[in-house]
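For reference, the structure discussed in these notes is given below.
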Amino acid sequence: MKIFKRLAIISFILIAFCFAFKGWIYRHLVTYKTIERRTSYPVNSPNLEKLISENSGFQETNLKEIVKTSLSLTSKSLRFTDGNNANDPNRLVESRDANCIGYAAFMSTVCNQMLKESNLSNEWVATPQIGQLYLLGKNIHPYFKSAFFRDHDFVIIRNLTSGEEIGVDPSLHDYTGIGYITLKN
């Protein structure tokens with residue numbers, strides 16, 4: 001009975017540790033490599049413009065807060081589906097169903113609009129990327145037969161002066177709360 005109790009306590013501690021440090025663990029196990037850029041979309045829809053302005057009611061001047069708000073707004077606005085859907089955020093604001101391509105397009109559009117409103121668009125730009133994931137340095141995509149796992153879309157926010165890059169995965173964030181990712185050189 002004592003051994004069962006100790007095993008239960010150790011298991012609980014391990015699970016709590018993994019949950020508390022899930023982002024750190026994920027970023028150390030999984031890296032993302034860009035293979036191609038996707039199209040970036042400007043805000044054309046009055047509904048999307050209204051959604052962004054209502055949810056960024058204050059003028060953010062901090063990149064970290066803009067990224068955090070963009071990820072949160074994307075998670076609130078979209079529902080993940082593995083079907084073929086529109087990728088244009090101006091249409092997604094109405095349909096709400098998106099795959100990883102739509103999530104990346106929506107988040108980058110929202111982020112770019114917030115950067116523009118904060119007068120940071122001359123410094124930073126968010127771009128949707130087509131990429132592949134590497135687990136402990138090994139590309140995982142060849143192990144899947146489905147076309148759904150051929151690649152994965154994410155977003156890179158790049159400093160136009162220094163070249164610094166910040167990676168985020170909006171669809172991963174929606175399911176796990178993990179936003180920031182590690183980019184592979």
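Data table
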read-out: Any hit, region 133-153, residues being farther than 15 Å from Leu29 by Cα, without any contact (Cβ under 8 Å) to a residue 60 or more places away in the chain and among the charged types (D, E, K, R); value: yes
read-out: Selection from region 122-137 of residues that are on the phi > 0 side of the Ramachandran plot and touching a strand residue (DSSP E or B) at 6+ places or on another chain (Cβ under 8 Å); value: Gly137
read-out: All strands (runs of 3 or more DSSP E) inside region 122-180 with 1 or more residues being of a type in the set (Phe, Trp, Tyr), in contact with a Leu (Cβ under 9 Å, 6 or more places away or on another chain) and within 19 Å of Thr109 (Cβ to Cβ); value: 124-135, 152-159
read-out: Any chance Ile25 is in a helix (DSSP H, G or I), on the phi < 0 side of the Ramachandran plot, modelled with pLDDT under 75 and touching a helix residue (DSSP H, G or I) at 6+ places or on another chain (Cβ under 9 Å); value: yes
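The values are calculated or read from the model by the stated rules, or taken from the named source; none is laboratory data. Quick caveat: nothing in here was measured; it's all calculated off a predicted structure. Cβ atoms come from the backbone with ideal geometry, glycine included; neighbour counts cover every protein chain shown.
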